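Rule-based calculations on the coordinates, nothing more; no lab input. Source: prediction; values computed, not measured. Methodologically, a virtual Cβ is constructed for each residue, glycine included, from the backbone with ideal geometry; neighbour enumeration extends over all protein chains shown.
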Amino acid sequence: MDQKPCLESLTVKTSHVLPPDTNTHGTLFGGKLMAHIDDVAAIAAVRHSRKPVVTASTDSVDFLAPVKEGDSICVEAFVTWTHTTSMEVFVKAVTEDLLTGDRKVCTTAFLTFVAVDESGKPTTVPSVYPESDQERQLHNLASQRAERRRERRKESKEMAASFGTDYPWN
């Protein structure tokens, strides 16, 4: 399987923030932004692997600046690192006041996707290589982020087993 550059998976989506997308504060619902993030990141993962993908994890999504009604939201994503069947995707969201041109990074996140075959089983993906300094920075720290994800997933499984499916938990 051939290697691919990070930029080959670049995906960009710009949307106008309209009243139905906003909360009582006149800012974009966090869940709406998270849906944009998952959508764009999934497209980047499919572009890289050329296979169907499933979301395996979303690292913390930090809302750094509000996205106001009337602004645009531009979500950019690309594959930064791969393992055998998984891909880490970096996402950056930028809000723009369309009347003034003022732009701010409002969110960053990392998502992990797994490529699957026709029967839904994990399947191999091409490796990825960075070309720019920023891509190298993301790529070089990816194995550390992957280790933190493994630890977090283990803790999540332990918590799920502890709480079970019944309510109340006592």
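Numbers for the structure displayed
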item: Centroid-to-centroid separation of region 1-43 and region 110-170 [C-alpha atoms, Å]; result: 19
item: Whole-number D in µm² s⁻¹ for the chain, Kirkwood Cα-pair radius fed into Stokes-Einstein, 10 °C, 1.306 mPa s; result: 92
item: At R0 = 25 Å, FRET efficiency that the Cβ-Cβ distance of residue 132 and residue 103 yields, to 0.05; result: 0.80
item: Cβ charges +1 (Lys, Arg) and -1 (Asp, Glu), total dipole of the chain, debye; result: 380
item: Quotient of C-alpha Rg and 2.2 N^0.38 Å, computed over region 101-170; result: 1.65
item: Which of 20, 163, 53, positive extreme of dipole for the chain (C-beta unit charges); result: 163
item: Relative packing of 151-157, 67-73, 7-13, which averages over residues the other C-beta atoms within 10 Å, highest first; result: 67-73, 7-13, 151-157
item: Calculated FRET value between residue 117 and residue 65, using beta carbons and R₀ = 41 Å, to 0.05; result: 0.55
item: Farthest toward positive dipole pole in region 4-160 [+1 Lys/Arg, -1 Asp/Glu at C-beta], among 120, 10, 95; result: 120
item: Sites matching GluC sites (Glu not before Pro) across region 97-144 that sit in DSSP coil, with at most 10 neighbouring C-beta atoms within 10 Å; result: 118
